[in-house]
Amino acid sequence: MPLAPPMHRIVFLGPPGAGKGTQAAELAKVLGIPHISTGDLLRAAVAQHTPLGIEADGYMRAGKLVPDDLVLRMLQERLRSPDARSGYLLDGFPRTLVQAEALTGFAPIDRVVSFEIPESVLMERLTQRRSCPNCGAVYNLVTQPPRVAGTCDKCGGTLVGRPDDRPEPVYTRLQTYHRQTAPLLEHYARLGLLSRIDAQGSREAVSERIRKAVA
Ligand code: ADP
Ligand code: ZN
């Protein structure tokens with residue numbers, strides 16, 4: 001009987017601005033598993049004015065975490081989709097110990113990749129970030145500007161800054177990360193699931209380190 005292909009049930013853990021979203025999209029494509037970003041799911045809910053979106057909006061604008069029960073219900077529902085049967089890449093979840101413990105009850109994890117990066121780099125990446133609401137492309141005004149200011153290279157859409165990428169919410173998000181999410185590193189290290197990777201350097205260099213970590 002042929003061997004079953006290896007399951008890829010992966011978590012990307014790291015501070016805001018570490019580049020998880022970019023790398024997650026790429027790796028998910030390579031592995032043929034869904035890229036599940038709780039931030040993206042929440043932003044879609046906000047844009048569609050669903051009851052969840054209406055409740056989440058204020059927390060997100062302020063750079064605070066959306067309450068665990070709301071995020072958990074949303075993620076559980078997403079993981080019930082047939083595309084998540086053979087694996088998934090969770091980006092931005094879990095962010096609290098409560099979420100991590102709940103996750104063990106409904107979705108096993110094989111590997112947690114921690115994005116390690118100095119704080120000084122993060123602040124700049126976030127406040128200079130602009131994205132295309134139309135196709136999702138992400139730019140940086142300093143390191144990766146679009147060819148025409150304010151316009152997406154890929155689709156011509158008008159670039160926008162996320163409301164939570166202003167300096168004050170960025171500061172709150174970094175603090176929230178240290179207080180509530182960083183303890184998960186210990187948690188997953190104890191379980192023997194943690195791979196720490198250097199998240200500085202080119203996109204290709206980082207992606208290479210990640211592939212080794214999940215191989
Ligand atoms: P970043 O990692 O750059 O902060 P995300 O797009 O992952 O950006 O998340 C944006 C916002 O969405 C967070 O600041 C938070 O308000 C909310 N959010 C995303 N994932 C979670 C989660 N697992 N638990 C609680 N809130 C979340
Ligand atoms: Zn675009």
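Toward the positive end of the charge dipole of the range 77-215, with +1 on the Cβ of Lys and Arg and -1 on the Cβ of Asp and Glu, the farthest Cα among 197, 113, 149 is that of 149.
Were the residues from residue 203 through residue 29 laid out at 0.36 nm apart, the gain over their Cα-Cα distance would be 61.1 nm. Normalised per residue, the accessible area of the range 43-88 is 60 Å², obtained with a 1.4 Å probe and no contribution from ligands, DNA or RNA. Rounded to the nearest 10 degrees, the inclination of helix 20-31 to the longest alpha-carbon principal axis of the chain is 50 degrees. Computed over the range 65-184, the alpha-carbon pair-distance distribution with 5 angstrom bins reads 2, 9, 16, 16, 17, 17, 15, 7, 1, 0, each value a whole percent.
Lysine pairs in the chain with Cα distance under 28 Å, only those 8 or more apart or on different chains: how many are there? Don't skip to the answer; put the middle values down first.
On the way: 20/29; 20/64; 20/154; 20/212; 29/154; 29/212.
Qualifying lysine pairs in the chain: 6.
Would the range 1-126 count as rounded, prolate or oblate if I go by the C-alpha gyration tensor, calling it rounded below 1.5 in a/c and otherwise prolate when a/b exceeds b/c, oblate otherwise? Cα axes put the range 1-126 in the oblate bin.
Quick one: work out the % antiparallel among DSSP beta bridges in the chain, nearest 5. Write out the running numbers ahead of the final one.
Working: 6 of 23 bridges.
Within the chain, antiparallel bridges account for around 25 percent of the total.
Dipole magnitude of the chain about its Cα centre, charges +1 at Lys/Arg Cβ and -1 at Asp/Glu Cβ only, in debye to the nearest 20? Could you put the intermediate results ahead of the total?
Values: 27 positive and 22 negative charges, 58 e Å.
So the dipole magnitude of the chain works out to roughly 280 debye.
Pairs of alpha-carbon atoms within less than 8 angstrom and 6+ residues apart define the contacts here; what relative contact order does the range 10-64 have, in percent? Numbers along the way, then the final one.
Values: 23 pairs, mean separation 9.1, N = 55.
Worked out over the range 10-64, it gives 17 percent.
Rounded, prolate or oblate: pick one for the range 21-72, where a ≥ b ≥ c are the square roots of the eigenvalues of its C-alpha gyration tensor, a/c under 1.5 means rounded, and failing that, prolate if a/b is larger than b/c, else oblate. Judged from the Cα gyration tensor, the range 21-72 comes out prolate (a/c at least 1.5, a/b above b/c).
Evaluate the relative contact order of the chain (contact order divided by residue number), counting alpha-carbon pairs under 8 angstrom at least 6 apart; express in whole percent. Dividing the mean separation by the residue count of the chain yields 29 percent. The stretch between residue 59 and residue 148, if pulled fully straight at 0.36 nm per residue, gains 28.8 nm over its current Cα-Cα span. Between rounded, prolate and oblate, where does the chain land on the alpha carbon gyration tensor, with a ≥ b ≥ c its root eigenvalues, rounded for a/c under 1.5, else prolate if a/b exceeds b/c? It is rounded, given that a/c, with a ≥ b ≥ c, falls under 1.5. Distance from the alpha carbon centroid of the range 191-215 to that of the range 30-85 works out to 25 angstrom.
Roughly speaking, to the nearest percent, how much of the chain's 1.4 Å accessible area is carbon and sulfur?
Working: 6230 of 11520 Å².
On the chain, the fraction of accessible area on carbon and sulfur atoms equals 54 percent.
The values are calculated or read from the model by the stated rules, or taken from the named source; none is laboratory data. Model, not experiment: these values are computed from the prediction. So basically every Cβ, Gly included, is an ideal-geometry build from the backbone, and we count neighbours across all protein chains shown. Just the protein is used for accessible areas: all its heavy atoms, side chains included, with ligands, DNA and RNA removed. Shrake-Rupley method; radii C 1.70, N 1.55, O 1.52, S 1.80 Å.
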